[in-house]
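The values are calculated or read from the model by the stated rules, or taken from the named source; none is laboratory data. What you are looking at is a predicted structure, and each value in this text was computed from that prediction instead of being measured. When we count neighbours, we look across all protein chains shown, and the Cβ atoms used for this are built from the backbone with ideal geometry, even at glycine.
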Amino acid sequence: MRKPFVAGNWKMNLTKAEAVALASGLAAKAGAFGSTEVGVIPAFVHIDCVAAAVKGSPVGVGAQDMYFEKGGAFTGEVCASMLTDLAVKYVLVGHSERRHVIGETDALLNKKLHAVINAGLVAILCVGEKIEERKANKTFDVCKTQLVEGLKGLDKSKAGQLVIAYEPVWAIGTGLNATKEQAQEVHAFIRGELAKIFDAATAAGIRIQYGGSVKASNAAELMSQPDVDGALVGGASLKVDEFMGIITAAAAAKK
C-alpha cells in the first residue's frame, strides 16, 4: 500500500516566530501521525529555522520552488545545493500559482523537475485545471499535457522521487473543493497516464495527493478514495489542530 503523504504549503505567510511556533507545535504532536508521512513547505526565508524546529521529529521540510541551474548569476533564485544544505527533502514544481501567476511554462518546469530529482530530492509535481477548462470538459487534456510535458525524459528508475499533486485551480483558496468522486476520477486518470509514461507497476507506486481547500472536515472522505494518497494543504496547514485533523484522517483512511 502507498504510504499516505500530507504536506502543508505555507505559501507567502507567517513571520519567523509564527513559522517556528507552527513547526514546533506540529513536531510535538508527531506521535499522532500514525502511518502518515508529513511535510511542511515554508517560505525560503523560514526554511532554516523551521528545519531546526522539527529536527529529530518525522516532519520533513520542503521548498516552494527551485531553479534548475546549479548556481550563478540568477538574482532571486535558489538552487539545489542551497536547499540540501538546509536539510530540505521535498520541492514543489509547477504549483498553479507558479504556472498562472508567475507564468512558468511546462518546458521550464520540466527542467526544474529534473534538477530536483538529480539532486536527490523529492519532486512534488502539481497539475490541475482552471474553472473554464473544467467547464469546457478539458480537465483530462490539461492534466495529461502537464504530466507528459513535466515528466518528459524522466526514467522510471527515478519514480520513487516523484509525487503528483492534483490541484484543481478553481478549488485553491476558494473554499470550494472537488467532491470525492471528482477527485477519484481525476486521480485514477492521472495514474493511468503515469502507466503510459512509465508502466503500470511504476504508476501503482507513485503517490498522488489532492489539493484544493482541503480541511479537517472534508479530509476523511477525500482520503477514502483508492487513488487519493494524501493531500497538499494550503490555508488549513497554518493551524496545528486543523492540519493535524487532516493528517489523522489520512492515517485512518489508509489503514
(request) Looking for whichever is out of contact with any strand residue (DSSP E or B) (no Cβ under 8 Å at 6 or more places or on another chain), of a type in the set (D, E, K, R) and under 30 Å from ALA21 (Cα atoms) here; the options are LYS239, LYS158, LYS144. Which one fits? (result) LYS239
(request) Go over the candidates GLU97, GLU132, GLU104, GLU77 one by one and state the one that is within 18 Å of ASN9 (Cβ to Cβ), free of Cβ contacts under 8 Å to residues at least 12 places away in the same chain and among the acidic types (Asp, Glu). (result) GLU104
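Given the criteria within 12 Å of GLY8 (Cα to Cα) and either buried (at least 20 other Cβ atoms within 10 Å of the Cβ) or of a type in the set (A, V, I, L, M, F, W, C) (or both), does VAL228 qualify? Write out each step before concluding.
Numbers: within 12 Å of GLY8 (Cα to Cα): no; either buried (at least 20 other Cβ atoms within 10 Å of the Cβ) or of a type in the set (A, V, I, L, M, F, W, C) (or both): yes.
No.
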(message) Condition check: in contact with a Pro (Cβ under 6 Å, 6 or more places away or on another chain) and either crowded, with 19+ Cβ neighbours inside 10 Å or within 16 Å of LYS29 (Cα to Cα) (or both). Does ALA236 satisfy that?
(response) no
(message) Contact list please: Cβ distance under 7 Å, first residue in the range 169-188 and at negative phi, second residue assigned to a loop (DSSP other than H, G, I, E, B) and of a type in the set (D, E, K, R), pairs at least six apart or on different chains.
(response) VAL169/GLU129; VAL169/LYS130; TRP170/LYS130; GLN184/ASP227; HIS187/ASP227; ALA188/ASP227
(request) Among the candidates ALA107, ALA21, single out the residue that is modelled with pLDDT of 95 or more and closer than 28 Å to GLY245 by Cβ. (result) ALA21
(request) Could you run through the range 5-16 and say how many residues are over 18 Å from LEU125 (Cβ atoms) and either within 14 Å of the chain's Cα centre (by Cα) or not in a loop (DSSP other than H, G, I, E, B) (or both)? (result) 2
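Please determine, by comparing only the residues of the range 30-48 that are in contact with a helix residue (DSSP H, G or I) (Cβ under 7 Å, 6 or more places away or on another chain) and crowded, with 16+ Cβ neighbours inside 10 Å, which one is farthest from ALA250 (Cα to Cα). Please lay out each step first, then the result.
Within the range 30-48, the first condition is being in contact with a helix residue (DSSP H, G or I) (Cβ under 7 Å, 6 or more places away or on another chain), and the residues that meet it are 32-36, 38, 40, 42, 46.
Imposing the further condition that a residue be crowded, with 16+ Cβ neighbours inside 10 Å reduces the set to 33, 36, 38, 40, 42, 46.
Values: PHE33: 9, THR36: 7, VAL38: 10, VAL40: 16, PRO42: 21, HIS46: 26 Å.
Of everything passing the filter in the range 30-48, HIS46 is farthest from ALA250 (Cα to Cα).
Residues that are touching a Ser or Thr at 6+ places or on another chain (Cβ under 6 Å): find the helices (runs of 4 or more DSSP H) completely inside the range 150-255 holding 3 or more of those.
Working: elements: 180-197, 200-205, 216-223, 240-253.
Ranges flagged: 240-253.
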(request) Within the range 135-149, track down each residue that is of a type outside the set (A, V, I, L, M, F, W, C) and part of a helix (DSSP H, G or I). (result) LYS135, THR139, ASP141, LYS144, THR145, GLN146, GLU149
(message) Test of understanding: among ALA23, ALA87, ALA53, ALA27, which residue is touching a helix residue (DSSP H, G or I) at 6+ places or on another chain (Cβ under 8 Å), in a loop (DSSP other than H, G, I, E, B) and without any contact (Cβ under 8 Å) to a residue 60 or more places away in the chain?
(response) ALA87
